[in-house]
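**Student:** I have a structure I would like to understand better, so I am pasting it below and will then ask my questions one at a time.
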Amino acid sequence: MMHYQVPSVVACAGVFFLAGAAALQAPKEGHGFVDKVFKAADGSEHKYTLFVPYSYSAEKPYPLILFLHGAGEREGGAKTPVQVGIGPAIKKYGEKDFPFFVVFPRCGRPPRNWNADGPDAQMALKILEHVEKDYRIDPDRIYLTGLSMGGHGTWSLAARYPSRWAAIVPICGSGNPKDAPKIKDLPCWCFHGDADKAVPVQRSRDMIEAIQQAGGKPRYTELPGVGHNSWDHAYQNRELYTWLLQQKRK
């Protein structure tokens, strides 16, 4: 498989108290993929899945990935968010070895989407905050990624909250090139297949070029002959996770 890459250019200091450690111990339901429900302030309930690393303990902070699924995995869809994209990649990687927490929120029925100011994206952020309270998550190693509709959401949330993320991985989505100055300093690795008929590859090319012109140094992998499903190539690439772990929020 050929890859085309555009050249790239507190925890509280001191003692971690035993009381806090006790409150953040591994959950009773164990590790791996855990189905959970978030209860919002208005009393509404929102289902999501959380991947808890098998190595997790409260002795050290852990990195976390917020994953935004595609249009086909919305409520009422044929598949769930964990069945497409990073979920299968975690299983192929080896569940017991995967070092990240992963949050899988679910978008509502069509025409709902992951636009940053929309209700589903905002609920995803609330779920993320809830997970940060329940587990010892490293606030400087929180990563944002998504595929297709979730790729759109990744660009959108990155532009809306650029200081929130340590890095972003938008896959076969499209963003607004005018947002490039907002995210030029945010580490980015974008993937897209050049034979994509659902979201034209030019959408990613335009974003990458705009970020470069704004002074950024994004990483871009264009997959020759690959259609819309560029996410399997991206998420099953172990180098991606090595790269993510090297990125910390500035």
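**Student:** I'd like the full set of residues that are assigned to a loop (DSSP other than H, G, I, E, B) and over 15 Å from LYS133 (Cβ atoms), limited to the stretch 57-70.
**Tutor:** Start the filter on the stretch 57-70 by keeping residues that are assigned to a loop (DSSP other than H, G, I, E, B), which leaves 57-61, 69-70.
Within the stretch 57-70, SER57, GLU59, LYS60, HIS69, GLY70 qualify.
**Student:** Could you list, ordered by first residue, the pairs with Cβ atoms under 9 Å in which the first is in the stretch 45-74 and at pLDDT 95 or above and the second is of a type in the set (S, T, N, Q) and assigned to a strand (DSSP E or B), at least 6 apart or interchain?
**Tutor:** What qualifies is ILE65/THR145; LEU66/THR145; PHE67/THR145; LEU68/THR145.
**Student:** Out of ASP140, ASP179, report the one residue that is open to solvent by 10 Å² or more (accessible area, probe 1.4 Å), touching a Phe, Trp or Tyr at 6+ places or on another chain (Cβ under 9 Å) and among the acidic types (Asp, Glu). Quick ask: steps written out before the conclusion?
**Tutor:** On the way: ASP140 fails: touching a Phe, Trp or Tyr at 6+ places or on another chain (Cβ under 9 Å).
The unique qualifying residue is ASP179.
**Student:** Those residues that are open to solvent by 10 Å² or more (accessible area, probe 1.4 Å) and out of contact with any helix residue (DSSP H, G or I) (no Cβ under 7 Å at 6 or more places or on another chain), I need them from the stretch 219-232; list them, please. First the steps, then the outcome.
**Tutor:** From the stretch 219-232, those open to solvent by 10 Å² or more (accessible area, probe 1.4 Å) are 219, 222, 224-229, 231-232; that's our starting set.
Correct list: ARG219, GLU222, PRO224, GLY225, GLY227, HIS228, ASN229, TRP231, ASP232.
**Student:** Is it fair to say VAL131 is closer than 17 Å to TRP231 by Cβ and either aliphatic (A, V, I, L, M) or open to solvent by 10 Å² or more (accessible area, probe 1.4 Å) (or both)? Can you show your working first?
**Tutor:** Working: closer than 17 Å to TRP231 by Cβ: no; either aliphatic (A, V, I, L, M) or open to solvent by 10 Å² or more (accessible area, probe 1.4 Å) (or both): yes.
Taking the combined requirement at face value, the residue does not satisfy it.
**Student:** For the stretch 201-218, enumerate the residues that are of a type outside the set (A, V, I, L, M, F, W, C), over 20 Å from LEU68 (Cα atoms) and open to solvent by 20 Å² or more (accessible area, probe 1.4 Å).
**Tutor:** Across the stretch 201-218, the qualifying residues are GLN202, ARG205, ASP206, GLU209, GLN212, GLN213, GLY215, LYS217.
The values are calculated or read from the model by the stated rules, or taken from the named source; none is laboratory data. This one's a predicted model, so the numbers in the text were calculated from it and none came from an experiment. Neighbour counts are summed over all protein chains in view; Cβ atoms, including those assigned to glycine, are modelled from backbone coordinates with ideal geometry. Side chains included, ligands, DNA and RNA excluded: accessible areas come from the protein's heavy atoms. Shrake-Rupley method; radii C 1.70, N 1.55, O 1.52, S 1.80 Å.
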